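Working notes, structure below.
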Amino acid sequence: MKAWVLKGIEDIEQTQVETPLINKGEALVKIRACGICSSDLDRFYKGAYHYPLILGHEIAGEVIEVAEDLDKNLIGKKVVVFPLLPCNKCQNCYNKNYAQCENYNYFGSRRDGGFAEFLSVPLWNLKIFENRFDFLNASLCEPAAIAKHTLSKIEGKEICIIGSGVIGILIGIWAKLANLEVFFLIRNKAKAKFLEQLGFGVIFSTTKKFDSCIECVGSEESLQSCIEITKSRGKIILVGNPKAAINLPQKVYWKILREELQIQGVWNSEYPKDWDFVLKNLDKIPAQKLITHTFKLHECQRAFQTLSSTSNFHIKGTFINE
Ligand SMILES: [Zn+2]
Ligand SMILES: [Zn+2]
């Protein structure tokens, strides 16, 4: 099969690799769409667990073959893939907190993922979605499940999101669906119009205060903004992966103590709960607006160049395989 193979830092190319074998309990999925995550860009620019590696963990496709021990009726079904493969031995797995598994595997980072024609996937990691939804829409299921998980941590009615990438926007979508008042604190005026068209409030300064603030950037500056605009005893929810060390001035740190702010981390999603919710509500996600770029199998260089450039407007880029 053909795949985008990462061979080293900033070294990716479309090559021919072995089509995956179907082991017991697995289905062979023909990948139709796979979202390109900012963590894929990080692995491209900063390094991956090992090489060669096929990135991509936001996977939607169709089952084209199954192992002998699986039901043949699965063939032809449209599916999304939960990319985490838990050890099923540790205490966190026992408690079904798979995101905290102590010895997990992961499609697209620790093992080969979705920027390819095919992937063999254990039945447990597959979720069937309705025929009326398309693959592009369904490829947003993984980030949308993280956004749904984040929603479960929010307190209060008025919230502010800092970071208007796809996860931030998806958190906003679920929060609005839950009747919360959603604002984005932003600097980029081009983004303001886009967010307003999606029905969100937009603020440019840190004068208003909120019950919960969600940090989706992973920077010192945006964490400080969160601390500034959260009400006393309010909640700060950390979602963005840190780009570097995050330091706080003494005065800002004191504010956490004096105002008794709560700080909550979020990692991945709860499977299958959050995924079931998303697949029932796929029609609430404006995929045509969020997926601003698509890239075919032969366009891997262009994909990584386009999505890492700051000069063009992009929200989500997605690999597609026809
Ligand atoms: Zn991701
Ligand atoms: Zn485990």
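The values are calculated or read from the model by the stated rules, or taken from the named source; none is laboratory data. Since the structure is predicted, the reported quantities are computational estimates derived from the model, not experimental observations. Because the Cβ atoms are built from the backbone with ideal geometry, glycine has one as well, and the counts that use them run over all protein chains shown. SASA here: full protein model, heavy atoms, side chains in, ligands and nucleic acids out. Shrake-Rupley method; radii C 1.70, N 1.55, O 1.52, S 1.80 Å.
Restricting attention to region 35-55, which residues are open to solvent by 70 Å² or more (accessible area, probe 1.4 Å) and of a type in the set (Gly, Ala, Ser)?
Within region 35-55, just Ser38 meets the criteria.
Only one residue in Gly165, Gly172 is at pLDDT below 95 and closer than 30 Å to Gln262 by Cβ. Which one?
Gly165
What residue, among those in region 222-261 that are basic (Lys, Arg) and at pLDDT 95 or above, is farthest from Leu41 (Cα to Cα)? Explain how you work it out, then say what you get.
Kept after step one, since they are basic (Lys, Arg), are these residues of region 222-261: 231, 233, 235, 243, 251, 255, 258.
Checking the rest, the ones that are also at pLDDT 95 or above come to 231, 233, 235, 251, 255, 258.
Values: Lys231: 35, Arg233: 36, Lys235: 30, Lys251: 35, Lys255: 34, Arg258: 39 Å.
Within region 222-261, the match that is farthest from Leu41 (Cα to Cα) is Arg258.
Looking at (1) in a strand (DSSP E or B); (2) under 27 Å from Lys243 (Cβ atoms); (3) within 16 Å of ligand 1 (Cβ to nearest atom), find the lone condition where Ala33 falls short.
It fails just one condition, (2).
How do the pairs read when you match residues in region 190-209 that are open to solvent by 60 Å² or more (accessible area, probe 1.4 Å) with residues anywhere that are in a helix (DSSP H, G or I) and not hydrophobic (A, V, I, L, M, F, W, C), using Cβ under 8 Å and keeping only pairs 6 or more apart or on different chains?
These pairs meet every condition: Gln197/Lys289.
Sort through Thr19, Thr15 and tell me the only one that's under 17 Å from Phe295 (Cα atoms) and open to solvent by 20 Å² or more (accessible area, probe 1.4 Å).
Sole residue among the options that is under 17 Å from Phe295 (Cα atoms) and open to solvent by 20 Å² or more (accessible area, probe 1.4 Å): Thr15.
Starting from region 78-100, keep only residues that are touching a residue at least 60 places away in the same chain (Cβ under 8 Å), then list their pairs with residues that are near ligand 2 (Cβ under 9 Å from one of its atoms) and not β-branched (Val, Ile, Thr) whose Cβ atoms are within a distance under 7 Å, requiring at least 6 positions of separation or different chains.
Once the first residue is touching a residue at least 60 places away in the same chain (Cβ under 8 Å) and sits in region 78-100, its partners that are near ligand 2 (Cβ under 9 Å from one of its atoms) and not β-branched (Val, Ile, Thr) give Leu84/Tyr98; Leu84/Tyr104; Tyr98/Pro86; Gln100/Asn92.
Count, please, the residues in region 277-297 that happen to be surrounded by fewer than 17 Cβ atoms within 10 Å (Cβ to Cβ) and of a type in the set (A, V, I, L, M, F, W, C).
The total comes to 0.
Would a scan of region 23-32 turn up a residue that is at positive phi and assigned by TED's automatic domain parsing to the domain that holds Ala303?
Looking through region 23-32, at least one residue is at positive phi and assigned by TED's automatic domain parsing to the domain that holds Ala303.
Within the set of pairs 6 or more residues apart or between chains, which connect a residue that is in a helix (DSSP H, G or I) inside region 38-56 to a residue that is hydroxyl-bearing (Ser, Thr, Tyr) and open to solvent by less than 50 Å² (accessible area, probe 1.4 Å) with Cβ atoms less than 6 Å apart?
Leu41/Ser308
Going through region 125-152 one residue at a time, which ones are among the polar types (S, T, N, Q), in contact with a helix residue (DSSP H, G or I) (Cβ under 7 Å, 6 or more places away or on another chain) and within 16 Å of ligand 1 (Cβ to nearest atom)?
Residues of region 125-152 that are among the polar types (S, T, N, Q), as a first pass: 125, 131, 137, 139, 150, 152.
Applying the additional criterion that residues be in contact with a helix residue (DSSP H, G or I) (Cβ under 7 Å, 6 or more places away or on another chain) yields 137, 150.
Once the filter is applied, which keeps residues that are among the polar types (S, T, N, Q), in contact with a helix residue (DSSP H, G or I) (Cβ under 7 Å, 6 or more places away or on another chain) and within 16 Å of ligand 1 (Cβ to nearest atom), region 125-152 yields only Thr150.
Can you give me the ranges of the helices (runs of 4 or more DSSP H) entirely in region 186-283 with at least 1 residues that are among the aromatic types (Phe, Trp, Tyr)?
Correct list: 189-197, 250-258, 273-280.
Counting only residues that are open to solvent by less than 20 Å² (accessible area, probe 1.4 Å) and touching a Gly at 6+ places or on another chain (Cβ under 8 Å), how many does region 22-34 have?
The total comes to 4.
For region 304-322, give me each residue that is under 13 Å from Ala33 (Cβ atoms) and buried (at least 16 other Cβ atoms within 10 Å of the Cβ).
Lys316, Gly317, Thr318, Phe319, Ile320, Asn321, listed by residue number.
Kindly check whether there is at least one residue in region 274-283 that is outside the structural domain of Ile171 (by TED's automatic domain parsing), in contact with a helix residue (DSSP H, G or I) (Cβ under 6 Å, 6 or more places away or on another chain), touching a residue at least 24 places away in the same chain (Cβ under 8 Å) and farther than 21 Å from Ile36 by Cα.
yes
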